[in-house]
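The values are calculated or read from the model by the stated rules, or taken from the named source; none is laboratory data. The model shown is predicted, which means the values in this text are computed figures rather than measured ones. Please note: Cβ atoms are built from the backbone with ideal geometry, for glycine as well, and neighbour counts cover all protein chains shown. Ligands, DNA and RNA are stripped out before the accessible areas are found, and what is left, the full protein with its side chains, is counted by its heavy atoms. Shrake-Rupley method; radii C 1.70, N 1.55, O 1.52, S 1.80 Å.
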Amino acid sequence: MKLTINVSLPENNASEYLLILADQSTLQNAQSTYQISDIEQHIKLSQFNFALADVLPIIGKVTSQPNTALVGIENATRLKAAKLAKIAEAIVKNSQKKFKQISIDISALAPELHYLFALNLTQAAYAYDIYKSKKNQFVLEQVNLISDQPSLNPEQINLIHAMAQGQNLARDLGNCPGNICYPEYLAQQALDLAAQYPDLLKVTVLEEQQLADLGMNAFLAVSKGSDRPGRVITIEYQAQLEQAPVVLVGKGVTFDTGGISLKPGLGMDEMKYDMCGAASVLGTLRALCEVKLPIHVVGAIAAAENMPSGHATRPGDVVTTMSGQTVEILNTDAEGRLVLCDTLTYVKRFNPALVIDIATLTGACVVALGKVVSGLFSPDNELAAEITQAGEQSFDRVWRLPVIEDYQELLNSNFADIGNIGNGGPQAGAITAACFLERFTRDYRWAHLDVAGTAWLSGAAKGATGRPVPLLVQFIANRAQTTHD
């Protein structure tokens, strides 16, 4: 979906539908701008009260635009960013099957909300129908945003378009079923992306024998239970730049049964989303290719399938990681940290400026934070602040939780250097998982994003969200701007 920004309705306008965001206080301005007649009587008869995201068609009431509607925003002065998504969803739902091009007057919004609203529009336009015999008949291609105080510039519009491309890719991969999306499939997706952008991307795919030669036995402890072999995939963006890269490490467990520590059957279908960290890495790299930011970035994907079989790891097994540390695998359903710890060791060879891992890691994080914000863990205050700021800018927010030495003793094992789950039962599950990863990241700046609550939705709205692609793209864009300045 293409976005434009205008100070008035474009001349020779091809738009088929005009939507005006309004509350009671901004109605008069809209009435004057678009020559709306008898609007008060129309509002009264329809009992329209400017409730959030309510749409009131006013066909025949406007001389300059035959198809027009008001969209309620409750109170313009009190409207918060959290409510923009609902407005965007109502507009897209109302338009996407009827009109190729629409215009939206956003003058009633505070200028600081324009960027987020435009991003929300692109997010609302997503749909997934690849495996449906009856496809969605969506025709909406372009949205013209109109404001008497436009705050969006072409660079921001380009960044939003890039974010949308990347987030859509992440959502497509997350929604893809496990019988299609397995480790080799993710590797092929990376290779296909590099073929699309050969001047920007370089891909390396490590197979299981290479992983064994490197001593990545924690990773292999997960992947060996499946008939689908694991892969570690690295994608370098702008590798020719002489700067230490930002490294993104994504958990790519393409289906997670729990292994021998088998999960309950209810809701297990959603374990296809356990690769959403990996999907977000691919989506972020796609966005970077679209916007061509001048910064060196490396994506690393730990792709494996966690299955129970005669080859699967048993609870109580001990493995030696690539770092040389030994791990007692007390629960095979705590597999994400096992594939990640070896990958976090592997990426040291890139001499990173910093590393961020992204993982649907713990149910404990969902209990703590729900599906509103992602969990952020880092011993680096400056890095944590940068990530938090990027989350606020993109409204892909995080909340910082501790990753401190006091929790490390919960990972003590009688038989190895470390256990893969905490010995305190349900205590601090998300924190002990982060503390486990922290033991493999002490040679560089590091942050961990637990997106178990935010990477997908359940229920009637079930589907991948593509988060935290907006956060990661915004974070990298901010760093590229700082480096360029």
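Here are a few things to note about the model shown:
- Heavy-atom accessible surface of region 391-485, averaged per residue, reaches 43 Å², computed with a 1.4 Å probe.
- Relative contact order (%) - the chain, alpha-carbon pairs under 8 angstrom, separation at least six: 14 percent
- Computed over region 254-309, the quotient of the alpha carbon radius of gyration and 2.2 N^0.38 Å is 1.52.
- With Cα atoms defining each centre, region 343-379 and region 141-192 are spaced 21 Å apart in the structure.
- Packing around the peptides 246-252, 53-59, taken as the average count of other Cβ atoms within 10 Å per residue, puts them in this order, highest first: 246-252, 53-59.
- If you bin all the Cα-Cα distances of region 31-130 at 10 Å, starting from zero, the percentages per bin are 13, 45, 35, 7, 1.
- Tilt relative to the chain, helix 154-175 - C-alpha long axis, 0 to 90 degrees, to 10: 50 degrees
- Between ALA81 and GLU11, the FRET efficiency estimated from the beta carbon spacing at R0 = 56 angstrom works out to 0.95.
- Exposed-site-free run, longest, the chain (rule: chymotrypsin sites (Phe, Trp or Tyr not before Pro); DSSP loop; at most 12 other C-beta within 10 Å): 132-414
- Residues in region 2-152 average 51 Å² of solvent-accessible surface per residue, probe 1.4 Å, ligands and nucleic acids excluded.
- Between region 241-312 and region 1-58, the Cα center-to-center distance that results, in Å: 43 Å
- For region 2-152, the relative contact order comes to 35 percent (Cα pairs under 8 Å, sequence separation of at least 6).
- Charge dipole (the chain, unit charges on Cβ, about Cα centre) - positive-most of PRO379, ASN414, LEU248: LEU248
- Based on alpha carbons, the Rg and Dmax found for region 393-483 are 16.5, 49 Å.
- What the phi angles of region 226-232 give under the Karplus curve with 6.51, -1.76 and 1.60, with θ = phi - 60°, is a coupling list of 10, 6, 8, x, x, 9, 10 Hz, glycine and proline written as x.
- Exposed-site-free run, longest, the chain (rule: GluC sites (Glu not before Pro); DSSP loop; at most 15 other C-beta within 10 Å): 243-485
- Dipole magnitude of region 160-483 about its Cα centre (Cβ charges: Lys, Arg +1; Asp, Glu -1), debye to nearest 20: 500 debye
- Per-residue Karplus couplings for region 443-451, computed as 6.51 cos²θ - 1.76 cosθ + 1.60 with θ equal to phi - 60°, are listed in order as 9, 7, 5, 8, 9, 10, 10, 9, 10 Hz, Gly and Pro entered as x.
- Cα-based equivalent ellipsoid, the chain: semi-axes from gyration tensor eigenvalues, Å: 45, 22, 21
- The trypsin sites (Lys or Arg not before Pro) of region 413-463 meeting both criteria, a DSSP state outside H, G, I, E and B (loop) and at most 10 other C-beta atoms within 10 angstrom of the site's C-beta, are ARG442.
- Per-q log10 I(q)/I(0), region 149-203, q = 0.13, 0.19, 0.28, 0.30 Å⁻¹ (Debye; single scatterer per alpha-carbon; no solvent): -0.47, -0.80, -1.11, -1.14
- Based on DSSP H segments of at least four residues, each scored -39500 (n - 2.57), the chain has a per-residue ellipticity at 222 nm of -10000 deg cm²/dmol.
- Paramagnetic label zone (point 7 Å from Cα along Cα-to-C-beta, VAL372; backbone N under 15 Å) in region 425-458: 453-454
- Of interest is the spacing of the C-alpha centroids, which for region 325-339 and region 429-475 amounts to 18 Å.
- With Cα atoms, 0 to 90° folded angle of helix 84-95 axis to the chain main axis: 60 degrees
- Highest-first arrangement of 313-319, 355-361, where packing means the average Cβ count within 10 Å: 355-361, 313-319
- Protein accessible area in the chain, 1.4 Å probe - carbon and sulfur %: 49 percent
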